[in-house]
């Protein structure tokens, strides 16, 4: 089912993918989000190698309050959702590879939108501040991803490292996403052996087996070499890359990078 280093996505290369609209790829965080940052950066690098412009919304980081950005700070997701004047975001700050914005509060607001108006509206609101063609990686706890994207036929990437705790985290995320209406995909990150490690194939087999036995869920497993192409293929695309003013939040004090 899962062979380290084996590229199972060769067939995807034959079909060009449309790049006109904003695309969104949900990625589940772990109980210790920093453990999955290497995977997140690896995925972003794979997409960049495919000529994608990548933006990362970090739902493990909380936006700071304030009306105007201070020197050296950047807007958080909640602020750009609330300010219709902000649009066309894509460029990373000088000295960084990708635009990364904190998004815990903004994603909570989008979960509220999804509950009241439906996930399509929430997805349109999320896409509205970004330039067409941008690929937005939304990194957040599985329960929050399910609250925002549940019902959209979405696929969310679930990290798995060679650590015992992340095996438990991965199964928990699979369960929350599956029950929340999002299809989870397991994305193991090889070559992290260290103290407390377990063989990665063993971890994959454990998580896949538990999902099959306890949830009746057959889980796809993506080898690292195929992450970029597969993420492109399954990314969510809003009906329109710009939300209407009515789909945005009313004016509130803006939010800054913390």
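In the stretch 66-78, of all residues being over 28 Å from residue 35 (Cβ atoms) and touching a strand residue (DSSP E or B) at 6+ places or on another chain (Cβ under 6 Å), the one that is modelled with the highest pLDDT corresponds to 66. In the stretch 194-230, the qualifying residues are those that are surrounded by 15 or more Cβ atoms within 10 Å (Cβ to Cβ) and assigned to a loop (DSSP other than H, G, I, E, B), and the one that is modelled with the lowest pLDDT is 198.
Checked against the criterion of being part of a helix (DSSP H, G or I), surrounded by fewer than 18 Cβ atoms within 10 Å (Cβ to Cβ) and at pLDDT below 70, the candidates 233, 246 yield just one match: 246. Within the stretch 115-144, being closer than 14 Å to residue 81 by Cα and in contact with a helix residue (DSSP H, G or I) (Cβ under 9 Å, 6 or more places away or on another chain) holds for 121, 122, 123, 124, 125, 126, 128, 129, 130. Scan the stretch 25-47 for residues that are under 18 Å from residue 234 (Cα atoms) and out of contact with any strand residue (DSSP E or B) (no Cβ under 6 Å at 6 or more places or on another chain) and the total you get is 4. Among the conditions (1) more than 17 Å from residue 42 (Cα to Cα); (2) modelled with pLDDT under 90; (3) within 21 Å of the chain's Cα centre (by Cα); (4) surrounded by 17 or more Cβ atoms within 10 Å (Cβ to Cβ), the only one that residue 169 does not satisfy is (2). Which residues, counting only those in the stretch 114-123, are surrounded by 23 or more Cβ atoms within 10 Å (Cβ to Cβ) and in contact (Cβ under 8 Å) with a residue 40 or more places away in the chain? Residue satisfying the conditions is 123 alone.
Tell me which residues, restricted to the stretch 1-46, are at pLDDT below 85, part of a helix (DSSP H, G or I) and in contact with a helix residue (DSSP H, G or I) (Cβ under 7 Å, 6 or more places away or on another chain). Residues satisfying the conditions are 12, 13, 35.
Listed here are the residues, each with its yes/no results for (1) touching a strand residue (DSSP E or B) at 6+ places or on another chain (Cβ under 9 Å); (2) in a loop (DSSP other than H, G, I, E, B); (3) farther than 25 Å from residue 142 by Cβ; (4) modelled with pLDDT of 85 or more.
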{"site": "57", "(1), (2), (3), (4)": "yes, no, no, yes"}
{"site": "61", "(1), (2), (3), (4)": "yes, yes, no, yes"}
{"site": "87", "(1), (2), (3), (4)": "yes, yes, yes, yes"}
{"site": "94", "(1), (2), (3), (4)": "no, yes, yes, no"}
{"site": "111", "(1), (2), (3), (4)": "no, no, no, yes"}
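Reported count of residues in the stretch 128-146, each being in a helix (DSSP H, G or I), touching a residue at least 60 places away in the same chain (Cβ under 8 Å) and buried (at least 24 other Cβ atoms within 10 Å of the Cβ), is 2. Of everything listed in (1) over 15 Å from residue 27 (Cβ atoms); (2) out of contact with any strand residue (DSSP E or B) (no Cβ under 9 Å at 6 or more places or on another chain), the single unmet condition for residue 99 is (2). Return the residues of the stretch 157-166 that are more than 16 Å from the chain's Cα centre (by Cα) and without any contact (Cβ under 8 Å) to a residue 60 or more places away in the chain; say none if nothing qualifies. 162, 164, listed by residue number.
Restricting attention to the stretch 148-158, the residues being crowded, with 24+ Cβ neighbours inside 10 Å and either at pLDDT below 95 or in a helix (DSSP H, G or I) (or both) number 3.
The values are calculated or read from the model by the stated rules, or taken from the named source; none is laboratory data. Keep in mind it's a predicted model, so treat the numbers as computed, not measured. Positions of Cβ are backbone-derived with ideal geometry, glycine not excepted, and every protein chain shown enters the neighbour counts.
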